[in-house]
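Novice: Submitted below is the structure of interest, expressed as structure tokens.
Derivation of every value follows stated rules applied to the coordinates shown; laboratory data play no part. Keep in mind that what you see is a predicted model, and the values were worked out from it rather than measured. Positions of Cβ are generated from backbone atoms using ideal geometry, with glycine treated the same way; all protein chains shown enter the neighbour counts.
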Amino acid sequence: MNYLVTGGAGFIGSNFIDYMLAQHPHCRIVCLDKLTYAADMSNLSNALHSPRFTFVKGDICAERALDKLFEREKFDAVINFAAETHVDRSIKRPSVFFRSNVLGVQALADCCVKYGVRLHHISTDEVYGDLPLGSSVLLNEESALRPSSPYAASKAAADLLIAAYCRTYGLKATISRCCNNYGPNQYAEKLIPLAISHIQSGRPVPLYGNGLNVRDWLYVEDHCRAVDVILQRGECGQVYNVAAHCELDNLTLVKKLLAAIGAEDNLIKFVPDRKGHDLRYGIDDAKLRALGWQISVAFEEGLKRTIAHYTK
């Protein structure tokens, strides 16, 4: 298989490339990345040693260059990790998010239709909106989309755009909506790498509001395996939730990090809450598990690996 991985120099994309090169010895991967602030070529240090890997610097919104790349490389499938992802940044500059996360997806979908290439799009559980704290409700792939932030709205728009292309143009596509990822190569603005960095340098760890907002945490390698399973066994036109069923409030998570690193709880500093801060996410991933996927890295083990990575 000849894959195009967009956004492959970022957090999840780079982990996915390493995973695929290791698990599929006959696949070839072209990585297209704009190299924005959250991307880093060092994330691809392993892949760059492989003769089956090629890096191309570029923007998914650059339609002519994208078309030439598709014409030249004859891809079998595209996996789209390219996105602006940080909610705080989307609140400050929403236009940047809609350009990359919607218009960029449209450009990819147009090329996939033109050249008969399958598309797998990486979405987020944030498109469903939040749930009350203390509830046990889980949302499935048929649940309504109720995004709260400009980031989540841009991802929901892309999901709907892909669904429309599947119906109107016959695009062969799948979508995965994943819970919060953690692990190596994540940019330091996200909670876990930010907290690790602050703890290790003795700086206060900022927590929004009262720290009781709940997220479900999945180790990035398990997300990579989920995408691989969907590529191999998923049905085009379908959406698949990817969940860890490891829900923790942010305060508990940071206390676990403090304990693991050997620091005191007095490093926690509560700061004014984020605008429109979602309370809890919870998704049902029975549809994906029916394809044979399950979690392989327990949270405690994943956290241990993550801390070791950033310490190194």
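Novice: So the check is Cβ under 8 Å with 6+ separation or different chains; which pairs have a first residue in segment 127-142 that's touching a residue at least 12 places away in the same chain (Cβ under 8 Å) and surrounded by 10 or more Cβ atoms within 10 Å (Cβ to Cβ) and a second one that's among the hydroxyl-bearing types (Ser, Thr, Tyr) and in a helix (DSSP H, G or I)?
Specialist: LEU139/TYR128
Novice: So which residues in segment 105-119 are surrounded by fewer than 23 Cβ atoms within 10 Å (Cβ to Cβ) and under 20 Å from the mean Cα position of the chain (by Cα), if there are any at all?
Specialist: Listed by number, the residues that qualify are GLN106, ALA107, ARG118.
Novice: Another question about this same structure. Filter segment 161-193 down to the residues that are closer than 17 Å to GLY104 by Cβ and in a strand (DSSP E or B) and list them by number.
Specialist: ALA173, ILE175
Novice: How do the pairs read when you match residues in segment 105-122 that are on the phi < 0 side of the Ramachandran plot and among the small types (Gly, Ala, Ser) with residues anywhere that are surrounded by 23 or more Cβ atoms within 10 Å (Cβ to Cβ) and in a strand (DSSP E or B), using Cβ under 8 Å and keeping only pairs 6 or more apart or on different chains?
Specialist: From residues that are on the phi < 0 side of the Ramachandran plot and among the small types (Gly, Ala, Ser), the pairs are ALA109/LEU119; ALA109/ALA173.
Novice: Just for segment 177-201: of the residues that are out of contact with any Leu (no Cβ under 8 Å at 6 or more places or on another chain) and over 11 Å from TYR310 (Cβ atoms), which one is surrounded by the fewest Cβ atoms within 10 Å (Cβ to Cβ)? Working first, answer last.
Specialist: Narrowing segment 177-201 to residues out of contact with any Leu (no Cβ under 8 Å at 6 or more places or on another chain): 177, 183-187, 189-190, 193-194, 197, 200-201.
Imposing the further condition that a residue be over 11 Å from TYR310 (Cβ atoms) reduces the set to 177, 187, 189-190, 201.
Working: ARG177: 26, TYR187: 17, GLU189: 13, LYS190: 16, SER201: 7.
Filtering segment 177-201 for residues that are out of contact with any Leu (no Cβ under 8 Å at 6 or more places or on another chain) and over 11 Å from TYR310 (Cβ atoms), the one surrounded by the fewest Cβ atoms within 10 Å (Cβ to Cβ) comes out as SER201.
Novice: While we're looking at this one, here's another question. Test of understanding: among VAL214, VAL205, VAL242, which residue is within 16 Å of ASN266 (Cα to Cα), touching a Leu at 6+ places or on another chain (Cβ under 8 Å) and crowded, with 19+ Cβ neighbours inside 10 Å?
Specialist: Numbers: VAL214 fails: within 16 Å of ASN266 (Cα to Cα); VAL242 fails: within 16 Å of ASN266 (Cα to Cα).
The unique qualifying residue is VAL205.
Novice: Considering only residues that are in contact with a Phe, Trp or Tyr (Cβ under 8 Å, 6 or more places away or on another chain), among the polar types (S, T, N, Q) and more than 20 Å from CYS111 (Cβ to Cβ), which ones fall in segment 1-47?
Specialist: Residue satisfying the conditions is ASN43 alone.
Novice: Does segment 137-157 hold any residues that are assigned to a helix (DSSP H, G or I) and either of a type in the set (Ser, Thr, Tyr) or closer than 15 Å to TYR240 by Cα (or both), and which are they?
Specialist: Residues satisfying the conditions are TYR151, SER154, LYS155, ALA156.
Novice: Taking the conditions exactly as written (outside any helix (DSSP H, G or I) and within 21 Å of LYS155 (Cα to Cα)), does ASP216 satisfy them or not?
Specialist: Yes; evaluated as a whole, the condition is true for this residue.
Novice: Only one residue in GLU264, GLU235 is out of contact with any strand residue (DSSP E or B) (no Cβ under 7 Å at 6 or more places or on another chain), closer than 26 Å to ALA22 by Cα and of a type in the set (D, E, K, R), so which one is that?
Specialist: Going through GLU264, GLU235 in turn, the sole match is GLU235.
Novice: Restricted to segment 143-162, and to residues that are free of Cβ contacts under 8 Å to residues at least 60 places away in the same chain and under 19 Å from LYS287 (Cα atoms), which residue is surrounded by the most Cβ atoms within 10 Å (Cβ to Cβ)?
Specialist: Filtering segment 143-162 down to residues free of Cβ contacts under 8 Å to residues at least 60 places away in the same chain leaves 143-147, 153, 156-158, 160-162.
Keeping just the survivors that are under 19 Å from LYS287 (Cα atoms) gives 143-145.
Values: SER143: 15, ALA144: 8, LEU145: 17.
Among them, the one singled out is LEU145.
Novice: Kindly list the number of the only condition in (1) surrounded by fewer than 15 Cβ atoms within 10 Å (Cβ to Cβ); (2) closer than 25 Å to TYR310 by Cβ; (3) among the polar types (S, T, N, Q) that fails for ASN2.
Specialist: All conditions are met except number (2).
Novice: Let me ask you something else. For segment 72-85, what are the residues that are charged (D, E, K, R) and either in contact with a helix residue (DSSP H, G or I) (Cβ under 7 Å, 6 or more places away or on another chain) or at positive phi (or both)?
Specialist: LYS74, GLU84
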